[in-house]
Ligand SMILES: [Zn+2]
């Protein structure tokens, strides 16, 4: 069933400090830690998440480059049924707490970033639900 649409946050664990070539952004250094990436899928949210979870894919979005690296893995997926404007609002909320990776995932909007290094993701569970996806 592909019924969900909305805004999602991928919680990503980076196991070691690593340099990743992120397409047009060039080589960025990711410190070991937890990251939150905000995206939206206004159709087929589950399909989008499955794409993020899969390793075999064409590298298209900035996030694809990070997730293609063996040190990065998705540990939790949160979502909220909401329209696309909410995507940037959630990015701003996370940005108040997290440390932004400037220019990442926000080519189509005016945000500073859609990827943040965070200490904890529990605060997101106050307004987002956990998505369970079969892989
Ligand atoms: Zn944005």
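Only the coordinates and a few stated rules stand behind these numbers; no lab work does. Everything numeric here is computed off the predicted structure, so don't read it as measured data. Here the Cβ is made from the backbone with ideal geometry for all residues, glycine too, and neighbour counts use every protein chain on show.
Using a Gaussian network model of the chain whose springs link C-alpha atoms within less than 10 Å, name the residue from 26, 54, 95 with the highest mean-square fluctuation. Maximum among the listed residues: 26. How big is Rg to Rh over the stretch 56-97, alpha-carbon atoms, Rh as the Kirkwood inverse-mean-distance radius? Taking Rg over the Kirkwood Rh, I get 1.04.
Evaluated at q = 0.19 Å⁻¹, a Debye calculation over the C-alpha positions of the chain (equal weights, vacuum) places log10 I(q)/I(0) at -1.13.
With 10 angstrom as the radius, rank 20, 7 by how many other C-beta atoms surround their C-beta, starting from the fewest.
Details: 20 20, 7 25.
Neighbour counts put them in this order, fewest first: 20, 7.
For the peptides 31-43, 121-133, the ranking by mean Cβ contacts within 10 Å, running from highest to lowest, is 31-43, 121-133.
I need 58, 117 ordered by Cβ neighbour count within 10 Å, fewest first.
Working: 58 5, 117 17.
Listing 58, 117 from fewest to most nearby Cβ atoms yields 58, 117.
Across the stretch 1-40, the convex hull enclosing all Cα atoms gives 99 Å³ per residue.
Of all the options 76, 27, 92, the one that moves most in a Gaussian network model of the chain with Cα springs shorter than 10 angstrom is 27.
Considering only C-alpha atoms, what is the centroid distance from the stretch 99-135 to the stretch 33-86, in Å? Here the two parts' Cα centres lie 9 Å apart.
Once the mean 1/r over all distinct Cα pairs of the stretch 32-103 is inverted, what Kirkwood radius in angstroms do you read off? Don't skip to the answer; put the middle values down first.
Details: mean 1/r = 0.0742 Å⁻¹.
Roughly 13.5 Å, rounded to one decimal.
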